[in-house]
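Report on the structure given below.
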Amino acid sequence: MSWKNLRLSGKFAVGFGLVLGLLVAVSGWSIWGVGGIVKSAEEVINGNSLRGEFSQRMVDHLNWTIAVESLLSDDNVTELHVQTDHRQCKFGKWFYGQARVDAEKLVPEIAPILKDIEEPHRLMHASAVEVQEAFRQADLGLSEFLAAKEIAHLKWANKVQSAFIDDRNTLDVKTDYRTCSLGTFLYSEEAAQLSSSDPEFGRLLESILGPHQRMHQSAIAIEANIGDRQEAVRILNEVTMVALGQVRSVLDQ
């Protein structure tokens, strides 16, 4: 789970914790309150029904939060299918219906607790919308592709270095940053679409463009100064390898 998903998970978990705690409190009052003011068998039946209602709603919301959590923690879950309208879940229908009015008449003590539960309950359901909108499942195909590009550029740099070891006058490496396999992707329509749909991914792609260009173009400068070994080595160390490190840093993210 990424740091972003952890923050989202914590956000809805806090809301769920508040709702669950208040439901427990309401359930407690449905036991103690009714038990202390029993006037008829009908009240006992109603009190038991109320207690059962709150117990079931706690189970419902526990299952709800497990479903949301699975989107962030289970790679096999790619879509969120939970109720996001706090008025349409079973508790919401009860809360905004006649049943709540009847419950508060039966146990007046639960009225302030129910009032306190309204906003956390609304926010809890609303957080699922935010989770769904912000969630981006890892694209394993893309991850493998980027890992392969990192390896390819390590080989590229190794080939540049080997020119010094072998005392060659040419590097024989790709110098056009737009036409290497990574460059072809970086300047493609696919990359533009991914960047548009995922701003964070777009920011990472934007940050790799400069270093990637400098790395490839440094090979031109090295080859132009191949007769001046000291200058060529300086370019290799201060430009090529620095840019390579920056490219790898982005690809590793």
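Taking the conditions (1) within 36 Å of the chain's Cα centre (by Cα); (2) more than 30 Å from T65 (Cβ to Cβ) in turn, E133 satisfies each one other than (2). When G245, G183 are screened for being of a type outside the set (F, W, Y) and surrounded by 18 or more Cβ atoms within 10 Å (Cβ to Cβ), only G183 passes.
Quick check on my filter: what residues within the stretch 186-203 are surrounded by 15 or more Cβ atoms within 10 Å (Cβ to Cβ) and hydrophobic (A, V, I, L, M, F, W, C)? The answer is L186, A191, L194, F201. Based on what the data block shows, is T184 β-branched (V, I, T) and within 18 Å of I220 (Cα to Cα)? Against the criterion (β-branched (V, I, T) and within 18 Å of I220 (Cα to Cα)), T184 does not qualify.
Which pairs have Cβ atoms under 9 Å, sit 6 or more apart or on different chains, and link a residue in the stretch 166-193 that is closer than 22 Å to L204 by Cα to one that is assigned to a helix (DSSP H, G or I) and acidic (D, E)? That search, which allows pairs on different chains as well, returns L182/E150. The set of residues from the stretch 119-151 being in contact with a helix residue (DSSP H, G or I) (Cβ under 7 Å, 6 or more places away or on another chain) and either buried (at least 16 other Cβ atoms within 10 Å of the Cβ) or at pLDDT 80 or above (or both) comprises P120, H121, L123, M124, S127, A128, V131, F135, L146, K149, E150.
Yes or no, residue by residue, for (1) farther than 14 Å from H125 by Cα; (2) crowded, with 17+ Cβ neighbours inside 10 Å; (3) in contact (Cβ under 8 Å) with a residue 60 or more places away in the chain:
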{"residue": "L62", "(1), (2), (3)": "no, no, no"}
{"residue": "T65", "(1), (2), (3)": "no, yes, no"}
{"residue": "V68", "(1), (2), (3)": "no, yes, yes"}
{"residue": "N76", "(1), (2), (3)": "yes, no, no"}
{"residue": "L80", "(1), (2), (3)": "no, yes, no"}
{"residue": "K90", "(1), (2), (3)": "no, no, no"}
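For the stretch 212-249, give me each residue that is under 17 Å from R178 (Cβ atoms) and β-branched (V, I, T).
Those that are under 17 Å from R178 (Cβ atoms) and β-branched (V, I, T): I220, V247.
Apart from one condition, V44 fits all of (1) at pLDDT below 80; (2) surrounded by 14 or more Cβ atoms within 10 Å (Cβ to Cβ); the exception is (2).
The values are calculated or read from the model by the stated rules, or taken from the named source; none is laboratory data. Computed from a prediction, not measured in an experiment: that's the story for all the values here. Every residue, glycine as well, gets a Cβ built from its backbone with ideal geometry; the counts of neighbours run over all protein chains shown.
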